[in-house]
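Any read-out appearing in this document is the output of simple, stated calculations on the displayed coordinates, not a laboratory observation. Just so it is clear, the model here is predicted, and its values are computed rather than measured. Every residue, glycine as well, gets a Cβ built from its backbone with ideal geometry; the counts of neighbours run over all protein chains shown.
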């Protein structure tokens, strides 16, 4: 069985907007994603190699999360994050601030509903998102 792909941004999704700490429920959320989806980093911190993203995240997550973080695959893109998305597969994209050009590409590919915009100012935001993606499994 092919698992749906999930593309995960970091800043504003897993880390607070000011990058001072991991967002509430981030540990549980990542463990859930890795267990249920084929996971990919889709962030400015990862362009083809996980080394930089993992070094960046290790300062925010405890050592017990290393195995989970290492299971998430890298992506590569140049200008727009949508360059890294496999539009032939079932996917979810978690992003706090998609560009208008990326939204246009999602629309052209009939995939706008695959985008979940994260707003960490909302209480229990990652719990809300986990409930949404759980329904898509």
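Structure notes:
- The chain: relative contact order in percent, alpha carbon pairs under 8 Å with at least 6 residues between: 31 percent
- FRET efficiency estimate (nearest 0.05) - Cβ-Cβ, residue 31 to residue 80, R0 30 angstrom: 0.55
- Inter-site label distance for residue 87 and residue 64 at 7 Å from Cα along Cβ, in nm: 4.2 nm
- The angle between the Cα long axis of helix 125-136 and the main principal axis of the chain comes to about 50°, on a 0 to 90 degree scale.
- Relative packing of 55-63, 86-94, which averages over residues the other C-beta atoms within 10 Å, highest first: 86-94, 55-63
- Classified by the C-alpha gyration tensor, the stretch 39-133 has an oblate form. Its axis ratio a/c, with a ≥ b ≥ c, is 1.5 or above, and a/b does not exceed b/c.
- Most fluctuating residue given options 68, 82, 20, as computed from a GNM of the chain linking Cα atoms under 10 Å: 20
- Sum of -39500 (n - 2.57) over DSSP H runs of 4+, divided by residues of the chain (222 nm, nearest 500): -9500 deg cm²/dmol
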